[in-house]
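**Student:** What follows is a structure written as structure tokens; I'll ask about it next.
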Amino acid sequence: MLFTAGALAAALLLLTSCNLLALHRDLRDGAAAGGVAGKVIHSESDASTIVVVGLREEGDAWVADNYVHLATEQDFLLRLVAGKRYVIVAFADRNDNHRLDDDEPAVVLADPVAVAQGWKGITKISLTLAPAGRLDPTTAAALQSLEKIEQRPLPVWIGETTDLDDERFSAESGSMGLWRPFEFLTNVGIGIFFLEPYDPQRIPVLFVSGAGGNPWEWRAMIDALDYSRYQPWVFVYPSGQRLADSAVVLERCVTAVQREYGFGRLYVTAHSMGGLVARDFIQRNAEPVPVFVSLVTPWRGHRAAALGVARLPAVVPSWVDMQTDSEYQRAIFARQLPAATAHYLFYAQTDPAQPFARATDGTIAVSSQLPADAVRDAREVVGFTDSHTGVLNNPAVIATYRRILRMPTDGQ
């Protein structure tokens, strides 16, 4: 959801009285964090035993600072402190005792890394864990006290199976993702969830929510899927972070799921601001997305976001990209969608009698939903009479959505 211009004053008051300090603290904590991401190539039968550790430089010594297990067969994301130097180590903790034993293989990155501030400058590495790999005694000794570390998590979910009643999908969680994005990252995480076990015979449909949104909102549309043909996935992310960051993480998560399961096609359905993230992802993704359905997306942003950026002492980062005709919007429309992607653009207005220049869905102006370049790239443009969130439960919307999913695409 986004604020109407009339509700902006109330939103500013709410921020000032309730959320401003929390937002300040969240932005500060996010700026102080950095990390290392990458792969550990290994031959262990159980990837969950692989531990990646950051050893922080303290004078002449290296001290264990944080650690994670692999999020997938090879991938990891390790939260560290920005501005510090680290040695990165991986080892196979076969007996799960949080220490490196003599018979367990280990590998250390050849050179220490300096961790940049924020997630945009995240360091990417690759390690190869050989069965006979061992560490020098000094580095090995620094790994003997991992159980004493208070882990600072940054959960990345790659295909965990759950259901829509998961508390991580709640309205409260969605609100946290907008107003306190770094807290969301550390408590909820980011990634792709399956709503049932993976089935290689069915096409995955990935649902991407908008600002402050949550997977609960998709229930009616998910229930409307033909489960003999499709399987639902949801992308969970902090909607308050910069949109390009969300699109990059989505692309990496999809790549990791592809590497893990080898699916052939992926369809994408997005609501509101999620459509901007989804379009950016589709343009970045190596594999084409045959079907992309966007609902009431503010392709040209929202003027309330610009007012928030101009007037508030603490700004939700995604508002920078949601300002009218922002640099981010211009960048994603500087490139057309891939020719193999059929984009079905759904828009809505609460009163069809309103002139185009004044029409809205109660939140987003129709002029922002229907800019010329978005319409140009669309295979089909369909309008509905409903509100910004009402479209997600509208029978006519759902019937049109089902019709589109029944249509053949290239390769079917």
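Here is a yes/no grid of residues against (1) of a type in the set (K, R); (2) modelled with pLDDT under 90; (3) assigned to a strand (DSSP E or B); (4) surrounded by 15 or more Cβ atoms within 10 Å (Cβ to Cβ):
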site	(1), (2), (3), (4)
L21	no, yes, no, no
L27	no, yes, no, yes
V51	no, no, yes, yes
G54	no, no, yes, yes
W62	no, no, yes, yes
A71	no, yes, no, yes
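**Student:** Next question, about the same structure. I'm trying to understand the selection: among the residues of the stretch 36-62, which are in contact with a Ser or Thr (Cβ under 9 Å, 6 or more places away or on another chain) and more than 18 Å from P105 (Cβ to Cβ)?
**Tutor:** V36, A37, A61, W62 - these are the residues of the stretch 36-62 that are in contact with a Ser or Thr (Cβ under 9 Å, 6 or more places away or on another chain) and more than 18 Å from P105 (Cβ to Cβ).
**Student:** Sort out which residues of the stretch 124-154 are crowded, with 18+ Cβ neighbours inside 10 Å and within 30 Å of V315 (Cβ to Cβ), and write them in order of number.
**Tutor:** Result: L154, single match.
**Student:** For the stretch 255-292, what are the residues that are crowded, with 20+ Cβ neighbours inside 10 Å, among the aliphatic types (A, V, I, L, M) and either over 14 Å from the mean Cα position of the chain (by Cα) or at pLDDT 95 or above (or both)?
**Tutor:** If the condition is that a residue be crowded, with 20+ Cβ neighbours inside 10 Å, among the aliphatic types (A, V, I, L, M) and either over 14 Å from the mean Cα position of the chain (by Cα) or at pLDDT 95 or above (or both), then L266, V268, A270, M273, L276, V277, A278, I282, V289, V291 are the ones that fit.
**Student:** Out of all the residues in the stretch 284-306, is one or more under 21 Å from G38 (Cα atoms), touching a residue at least 24 places away in the same chain (Cβ under 8 Å) and among the hydroxyl-bearing types (S, T, Y)? Lay out the reasoning, then the answer.
**Tutor:** First, pick out the residues of the stretch 284-306 that are under 21 Å from G38 (Cα atoms): 284-287.
Okay, now just the ones that are also touching a residue at least 24 places away in the same chain (Cβ under 8 Å), so 284-287.
When the remaining residues are screened for being among the hydroxyl-bearing types (S, T, Y), the result is none.
Checked against the condition, which is being under 21 Å from G38 (Cα atoms), touching a residue at least 24 places away in the same chain (Cβ under 8 Å) and among the hydroxyl-bearing types (S, T, Y), the stretch 284-306 yields no hits at all.
**Student:** Can you tell me which of A353, A357 is surrounded by fewer than 24 Cβ atoms within 10 Å (Cβ to Cβ), aliphatic (A, V, I, L, M) and not in a helix (DSSP H, G or I)?
**Tutor:** Details: A357 fails: not in a helix (DSSP H, G or I).
Testing whether each residue is surrounded by fewer than 24 Cβ atoms within 10 Å (Cβ to Cβ), aliphatic (A, V, I, L, M) and not in a helix (DSSP H, G or I) leaves just A353.
**Student:** For L307, work out the one condition from (1) surrounded by 24 or more Cβ atoms within 10 Å (Cβ to Cβ); (2) assigned to a helix (DSSP H, G or I); (3) aliphatic (A, V, I, L, M) it doesn't fulfil.
**Tutor:** (1)
**Student:** Just to be sure, is S387 under 24 Å from S175 (Cα atoms), within 26 Å of the chain's Cα centre (by Cα) and not in a loop (DSSP other than H, G, I, E, B)? Quick ask: steps written out before the conclusion?
**Tutor:** Details: under 24 Å from S175 (Cα atoms): yes; within 26 Å of the chain's Cα centre (by Cα): yes; not in a loop (DSSP other than H, G, I, E, B): no.
It is false that S387 is under 24 Å from S175 (Cα atoms), within 26 Å of the chain's Cα centre (by Cα) and not in a loop (DSSP other than H, G, I, E, B).
**Student:** Okay, moving on. For the stretch 361-373: of the residues being touching a strand residue (DSSP E or B) at 6+ places or on another chain (Cβ under 6 Å) and assigned to a helix (DSSP H, G or I), which is farthest from S294 (Cα to Cα)?
**Tutor:** Of all residues in the stretch 361-373, those touching a strand residue (DSSP E or B) at 6+ places or on another chain (Cβ under 6 Å) come to 361, 366, 369-370.
Now narrow it down to the ones that are assigned to a helix (DSSP H, G or I): 366, 369.
Numbers: V366: 14, Q369: 10 Å.
Here the answer is V366.
**Student:** Can I ask one more? State yes or no: is L337 assigned by TED's automatic domain parsing to the domain that holds S272, under 24 Å from V289 (Cα atoms), of a type outside the set (K, R) and surrounded by 17 or more Cβ atoms within 10 Å (Cβ to Cβ)?
**Tutor:** yes
**Student:** Out of the residues in the stretch 188-202 meeting the condition of being in contact with a Pro (Cβ under 8 Å, 6 or more places away or on another chain) and of a type outside the set (F, W, Y), tell me which one is surrounded by the fewest Cβ atoms within 10 Å (Cβ to Cβ).
**Tutor:** Here the answer is E196.
**Student:** Oh, and also: Of the residues E172, E183, which single one is in contact (Cβ under 8 Å) with a residue 60 or more places away in the chain and surrounded by fewer than 23 Cβ atoms within 10 Å (Cβ to Cβ)? Walk me through it before giving the result.
**Tutor:** Working: E172 fails: in contact (Cβ under 8 Å) with a residue 60 or more places away in the chain.
Going through E172, E183 in turn, just one is in contact (Cβ under 8 Å) with a residue 60 or more places away in the chain and surrounded by fewer than 23 Cβ atoms within 10 Å (Cβ to Cβ): E183.
**Student:** OK, next. Taking into account only those residues within the stretch 293-302 that are in contact with a helix residue (DSSP H, G or I) (Cβ under 6 Å, 6 or more places away or on another chain) and at negative phi, which is surrounded by the fewest Cβ atoms within 10 Å (Cβ to Cβ)?
**Tutor:** Going through the qualifying residues, I end up with R300.
**Student:** Right, another one. In the stretch 100-117, is there at least one residue being within 30 Å of L266 (Cα to Cα), at pLDDT 85 or above and of a type in the set (G, A, S)?
**Tutor:** Let us first name the residues in the stretch 100-117 that are within 30 Å of L266 (Cα to Cα), namely none.
No, every residue in the stretch 100-117 fails to be within 30 Å of L266 (Cα to Cα), at pLDDT 85 or above and of a type in the set (G, A, S).
**Student:** Yes or no: the stretch 106-124 includes at least one residue that is over 30 Å from the mean Cα position of the chain (by Cα) and among the polar types (S, T, N, Q).
**Tutor:** No - not one qualifying residue is present in the stretch 106-124.
**Student:** Could you tell me how many of the residues in the stretch 310-328 are in a loop (DSSP other than H, G, I, E, B), hydrophobic (A, V, I, L, M, F, W, C) and surrounded by fewer than 24 Cβ atoms within 10 Å (Cβ to Cβ)? Lay out the reasoning, then the answer.
**Tutor:** First, the residues of the stretch 310-328 that are in a loop (DSSP other than H, G, I, E, B): 312-316, 323-326.
Okay, now just the ones that are also hydrophobic (A, V, I, L, M, F, W, C), so 312, 314-316.
Adding the requirement that they be surrounded by fewer than 24 Cβ atoms within 10 Å (Cβ to Cβ) leaves 312, 314-315.
The total comes to 3.
**Student:** Determine whether the stretch 203-221 contains at least one residue that is without any contact (Cβ under 8 Å) to a residue 24 or more places away in the chain and surrounded by fewer than 16 Cβ atoms within 10 Å (Cβ to Cβ).
**Tutor:** Quick first cut of the stretch 203-221, residues without any contact (Cβ under 8 Å) to a residue 24 or more places away in the chain only: none.
Checked against the condition, which is being without any contact (Cβ under 8 Å) to a residue 24 or more places away in the chain and surrounded by fewer than 16 Cβ atoms within 10 Å (Cβ to Cβ), the stretch 203-221 yields no hits at all.
The values are calculated or read from the model by the stated rules, or taken from the named source; none is laboratory data. Keep in mind it's a predicted model, so treat the numbers as computed, not measured. So basically every Cβ, Gly included, is an ideal-geometry build from the backbone, and we count neighbours across all protein chains shown.
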